[in-house]
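K.L.:
I have a structure here, written as structure tokens, and I will follow up with some questions on it.
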Amino acid sequence: MDILTVVGIVLAFGSILGGNILEGGHTGSLLQMTAFIIVFGGTVGAVMIQTPMPTFMRSLKIALWVFLPPKIAQKEIIEKIVGWSNVARKEGLLGLEPLIEAETDPFAKKGMQLLVDGSEPDAIRGILEVELSSKEHSDTQAAKVYEGMGGYCPTVGIIGAVMGLIHVMNNLSDPSKLGGGIATAFVATIYGVGLANLFMLPMASKLKAIIHDQTQFREMIIEGIISIAEGENPRNIETKLHGYLH
């Protein structure tokens, strides 16, 4: 669990609601289902129009990373790679074959298989970098879905505000209906700006940071596997890979 995300959400929304209460406002006045439907539904609809289906589905899958980021075990993989290099020096690359099935990381597993198959270092790098680039691009595009939502939210909020004002203007002769229309107008704007700046845009930024860390992690794996393929000294490999640690 990413505690910083939870604390940030509580602090952001708590500060706004707390400030509203301190100013004498009522929390209930900010709860407008009509405004929420307009802003959230309109924003999601706009993003769905601009996003391919695979990218949209991927964005739903990675949304949980904001709260439960995937584990990036840099130190553990360095220890593994150094262990693989020792095995390769003693038993040859074929000595790594029994270790392939035990490896849980699919990317590292693929690299090990290429090693055992006797592929040239340049060929191994090329194959793994293509997969790395494809994975990074796919996940980055998925993260941009939330960035898009952050861009559309305020505009859709303005649409909701204008709709509320139109409702007010149509009922000037009936004062009893003016309050609801004005409330919807202003609350829609709050929802639009609030969702964009307190959730959607920060969410997109955190997902991009996680994707960057994953990419760097896989780059480290590539470097380690290529070093084994080139027969480098295990101690030198360990020193080189420690340069990737934050």
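K.L.:
Being of a type in the set (Lys, Arg) and surrounded by 13 or more Cβ atoms within 10 Å (Cβ to Cβ) is the filter here; which residues of region 46-68 pass it?
P.N.:
Residues of region 46-68 that are of a type in the set (Lys, Arg), as a first pass: 58, 61.
58, the sole residue that qualifies.
K.L.:
Would you list the helices (runs of 4 or more DSSP H) that sit entirely within region 59-132 and hold 1 or more residues that are polar (S, T, N, Q) and out of contact with any Asp or Glu (no Cβ under 6 Å at 6 or more places or on another chain)? Outline the logic, then answer.
P.N.:
Details: elements: 74-91, 97-100, 106-116.
Filter on region 59-132 gives 74-91, 106-116.
K.L.:
Still on this model: Within region 67-98, which residues are in contact with a helix residue (DSSP H, G or I) (Cβ under 7 Å, 6 or more places away or on another chain) and of a type in the set (A, V, I, L, M)?
P.N.:
72, 77, 78, 81, 82, 87, 88, 93, 94, 96 - these are the residues of region 67-98 that are in contact with a helix residue (DSSP H, G or I) (Cβ under 7 Å, 6 or more places away or on another chain) and of a type in the set (A, V, I, L, M).
K.L.:
Within region 25-32, can one find any residue that is modelled with pLDDT of 85 or more, of a type outside the set (Val, Ile, Thr) and in contact with a helix residue (DSSP H, G or I) (Cβ under 6 Å, 6 or more places away or on another chain)?
P.N.:
Here is the first cut: in region 25-32, the residues modelled with pLDDT of 85 or more are none.
The answer is no, given that none of the residues of region 25-32 is modelled with pLDDT of 85 or more, of a type outside the set (Val, Ile, Thr) and in contact with a helix residue (DSSP H, G or I) (Cβ under 6 Å, 6 or more places away or on another chain).
K.L.:
Same structure again: With touching a residue at least 40 places away in the same chain (Cβ under 8 Å), surrounded by fewer than 18 Cβ atoms within 10 Å (Cβ to Cβ) and over 26 Å from residue 205 (Cα atoms) as the only criterion, which of 129, 101, 120, 136 stands out? Walk me through how you get there before you give the answer.
P.N.:
Numbers: 129 fails: over 26 Å from residue 205 (Cα atoms); 101 fails: touching a residue at least 40 places away in the same chain (Cβ under 8 Å); 136 fails: over 26 Å from residue 205 (Cα atoms).
Unique residue meeting the criteria: 120.
K.L.:
Another question, then. Criterion first (among the charged types (D, E, K, R), at pLDDT below 85 and either part of a helix (DSSP H, G or I) or within 21 Å of residue 27 (Cα to Cα) (or both)) does residue 177 satisfy it?
P.N.:
Criteria met by residue 177.
K.L.:
Still on this structure: Is it the case that residue 78 is farther than 30 Å from residue 161 by Cβ, of a type in the set (A, V, I, L, M) and touching a residue at least 24 places away in the same chain (Cβ under 8 Å)?
P.N.:
The answer is yes for residue 78.
K.L.:
Out of all the residues in region 1-28, which are in contact (Cβ under 8 Å) with a residue 24 or more places away in the chain and closer than 23 Å to residue 64 by Cβ? Can you show your working first?
P.N.:
Restricting attention to region 1-28, the residues satisfying the condition of being in contact (Cβ under 8 Å) with a residue 24 or more places away in the chain are 1-2, 5-6, 8-9, 12-13, 16.
Passing the criteria: 1, 2, 5, 6, 8, 9, 12, 13.
K.L.:
Residue 21 - would you say it is part of a helix (DSSP H, G or I) and either closer than 23 Å to residue 142 by Cα or modelled with pLDDT of 90 or more (or both)? Walk me through it before giving the result.
P.N.:
Numbers: part of a helix (DSSP H, G or I): yes; either closer than 23 Å to residue 142 by Cα or modelled with pLDDT of 90 or more (or both): no.
No: the conditions fail for residue 21.
K.L.:
Okay, moving on. Return the pair list, or none, for Cβ contacts closer than 7 Å from residues in region 191-210 that are closer than 22 Å to residue 164 by Cβ to residues that are crowded, with 21+ Cβ neighbours inside 10 Å and among the polar types (S, T, N, Q), at least 6 apart or on different chains.
P.N.:
none
K.L.:
Restricting attention to region 82-100, does a residue exist that is modelled with pLDDT of 90 or more, in contact with a Phe, Trp or Tyr (Cβ under 9 Å, 6 or more places away or on another chain) and over 23 Å from residue 6 (Cβ atoms)?
P.N.:
Looking for residues that are modelled with pLDDT of 90 or more, in contact with a Phe, Trp or Tyr (Cβ under 9 Å, 6 or more places away or on another chain) and over 23 Å from residue 6 (Cβ atoms), one finds none in region 82-100, hence no.
K.L.:
Here's another thing I want to ask about it. Take residue 9 and tell me if it is surrounded by 15 or more Cβ atoms within 10 Å (Cβ to Cβ) and touching an Asp or Glu at 6+ places or on another chain (Cβ under 8 Å). If you could, list the steps in order and put the result at the bottom.
P.N.:
Numbers: surrounded by 15 or more Cβ atoms within 10 Å (Cβ to Cβ): yes; touching an Asp or Glu at 6+ places or on another chain (Cβ under 8 Å): no.
Spelling it out, it is not the case that residue 9 is surrounded by 15 or more Cβ atoms within 10 Å (Cβ to Cβ) and touching an Asp or Glu at 6+ places or on another chain (Cβ under 8 Å).
The values are calculated or read from the model by the stated rules, or taken from the named source; none is laboratory data. Just so we're clear, the structure is a prediction, and the values are computed from it rather than from any experiment. Positions of Cβ are generated from backbone atoms using ideal geometry, with glycine treated the same way; all protein chains shown enter the neighbour counts.
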